[in-house]
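Comments concern the structure below.
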Amino acid sequence: MAIDGRTPAPARAAAHEESRPAIDHLIGIDHLIGIDHLIGIDHLIGIDHLIEQEEERFVDRQPQSRELYSRALTSLAGGVTSSWQITRPQPVFIARGQGSKIVDVDGNEYVDFHGGYGAGLAGHAHPAVVEAVSRQVRNGTHFAQPSEDAVVVAELLAERFGLPLWRFTNSGTEATMDAVHLMRAVTGRDLLVKVEGCYHGHHDSVQVSVAPHGDEEIGTVGCPLGRPASSGIPAATTALTLVSTFNDLEGVRRLLEEHRGRIAGMIIEPIMMNAGIVQPVPGYLEGLKTLLQEHGALLCFDEVKTGLTVGPGGATRLLGVTPDIVCLAKSVGGGLVTGAVGGTREVMAHVASGDYEMVGTFNGNPLSMAATRAVLEEVATDAGYERIAALRARLEVPVNASIERHGLPAHLVSVGAKGCVTFADSPVRNYRDFLLVDDRFNHLHWLVQHNRGVFLPPWGKTEQWMLSVQHDEGDVDRFVDNFDQFAAEVGCTLRA
Ligand SMILES: Cc1ncc(COP(=O)(O)O)c(C=O)c1O
């Protein structure tokens, strides 16, 4: 079914509905209570009305995407290549990217604040990455033998993250999977602790309590229950993953005592970035390291998102806590497929000796290593971070002023290249607080920005925007102007 700008509204609405049930489930719009108790149902109906208008405009602007999506549904499961590319009201097919901009198949240009779910620190077609990759393409793209670039990358990561030994993977999922295996290999124990609401990729051990909904039995904040995050995750595996609440040191202490001598380690995003942005309270990460050490267990930071985006040495350096293992992916590869695992000498001795076989045909692929070296040497530089800090300041001041001026029940959270507006009147400290944030506001924000030339990451309140070293003042000003328009409309609706 081809949908274009001339399609009558009822057909367009029906087309929306085709994909809506799945998307509603994934976004969780219907499950969230939000700040409804403060706002009142009439005002939320007003927000729903604004969403409807913006979704219509969204679809009208993208007839080619709609057509490709309809065609894709017959050959790509769900019409996309990853379930998180399903966006509401429809997926957006991209034709190309250059610098800070991307262009969709309908020819609409956007300032890219999506950053490919946090991989876009370099922006698009960064000259250093283009040069490195082009050179390597001409010299062969795969040998399954080590290269000099891999050595340089390992040396540079060791310097930045304070962990001496590294290996490479092809994704964040592979990195955290190896990290979990390693924690088990080193300690000879099976149990793992993870944090409710943290996403660490789609392998079994960490597909537990990623985004449990209020309509499931999820236990209490002090004692969350482990829930499989998807179908296909065996109950036996889920039972090996114990769940704790972010910022709850006592919860981890309780688990370590209850399961004394059986916990291999804990995996955690040091700054939660799959629930907006949730900062650790002072002492939490240090406390975890001490507690785990006392119990002979290991600490793994999943820095797949925070990695180079929050600073040159990730959250590890920014927050001053060095774990036993760090996982990287996304932005470290400059847009190419890569991941990395760094560890202490003691941990990585199990890899070096072959006790834990960390393998993969494409690990340390020369194309990925060339791009990663270019990122470390020419993108994620002091100058790059200074530029990002200046742009972030240029964005924060007026966005905060808009929130204030239009009386939004919201606050801005940002760190390094990442930021988000959270629709809550106080800081979110964990996944349970996050569940109370009403996703409607973030969905409307994504639509308003999108329809006015700024491509935010989809998935509403879950994701963050991302600045790259190629963004400029004009890009930020466009976002700020759009935000003010959004804030004015929402403010007006809430006061009506
Ligand atoms: C914190 C975190 N860890 C791991 C992953 C998995 O990475 P990948 O999608 O490259 O497998 C993600 C992906 O979003 C992530 O956000």
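Whether any residue in the stretch 45-64 is within 25 Å of residue 423 (Cα to Cα) and in contact with a Gly (Cβ under 6 Å, 6 or more places away or on another chain) is what I want to check. No, the conditions are met nowhere in the stretch 45-64. The residue list 261, 276, 283, 219 contains one member that is at pLDDT 95 or above, closer than 29 Å to residue 437 by Cβ and surrounded by fewer than 23 Cβ atoms within 10 Å (Cβ to Cβ), which is 283. For the stretch 328-357, filtered to residues that are in contact with a Ser or Thr (Cβ under 8 Å, 6 or more places away or on another chain) and not in a helix (DSSP H, G or I), the residue that is nearest to the ligand (Cβ to nearest atom) is 329. Regarding residue 156, is this residue closer than 30 Å to residue 198 by Cβ, of a type outside the set (D, E, K, R), more than 16 Å from the ligand (Cβ to nearest atom) and assigned to a loop (DSSP other than H, G, I, E, B)? No: the conditions fail for residue 156.
Among the residues of the stretch 164-185, those identified as surrounded by fewer than 24 Cβ atoms within 10 Å (Cβ to Cβ) and either more than 16 Å from residue 269 (Cα to Cα) or small (Gly, Ala, Ser) (or both) are 164, 165, 166, 167, 170, 171, 181, 184, 185. For the stretch 275-310, the set of residues classified as within 16 Å of the ligand (Cβ to nearest atom) and among the small types (Gly, Ala, Ser) consists of 275, 276, 307, listed by residue number. For the stretch 430-453, filtering for residues that are more than 16 Å from residue 247 (Cβ to Cβ) and assigned to a helix (DSSP H, G or I) leaves 13.
Looking only at residues of the stretch 149-163 that are surrounded by 21 or more Cβ atoms within 10 Å (Cβ to Cβ) and either outside the structural domain of residue 353 (by TED's automatic domain parsing) or closer than 21 Å to residue 265 by Cα (or both), we find that the one that is nearest to the chain's Cα centre (by Cα) is 161. The residues on offer are 225, 240, and the sole one that is surrounded by fewer than 24 Cβ atoms within 10 Å (Cβ to Cβ) and over 30 Å from residue 441 (Cβ atoms) is 240. The set of residues in the stretch 241-264 being touching a helix residue (DSSP H, G or I) at 6+ places or on another chain (Cβ under 7 Å) and either among the hydroxyl-bearing types (Ser, Thr, Tyr) or away from the ligand (no atom under 16 Å from the Cβ) (or both) consists of 241, 242, 244, 245, 247, 249, 252, 253, 256, 263, 264. With the structure loaded, tell me whether residue 180 is modelled with pLDDT of 95 or more, in contact with a Ser or Thr (Cβ under 6 Å, 6 or more places away or on another chain), outside any loop (DSSP other than H, G, I, E, B) and not assigned by TED's automatic domain parsing to the domain that holds residue 453 or whether it fails that test. It is true that residue 180 is modelled with pLDDT of 95 or more, in contact with a Ser or Thr (Cβ under 6 Å, 6 or more places away or on another chain), outside any loop (DSSP other than H, G, I, E, B) and not assigned by TED's automatic domain parsing to the domain that holds residue 453.
Can you tell me which residue in the stretch 72-91 is surrounded by the fewest Cβ atoms within 10 Å (Cβ to Cβ), limited to those that are under 15 Å from residue 62 (Cβ atoms) and among the β-branched types (Val, Ile, Thr)? This residue is 80.
The values are calculated or read from the model by the stated rules, or taken from the named source; none is laboratory data. What you see is a predicted model, and the numbers here were worked out from it, not measured in a lab. No Cβ is skipped: glycine too gets one built from the backbone with ideal geometry, and neighbour counts run over all protein chains shown.
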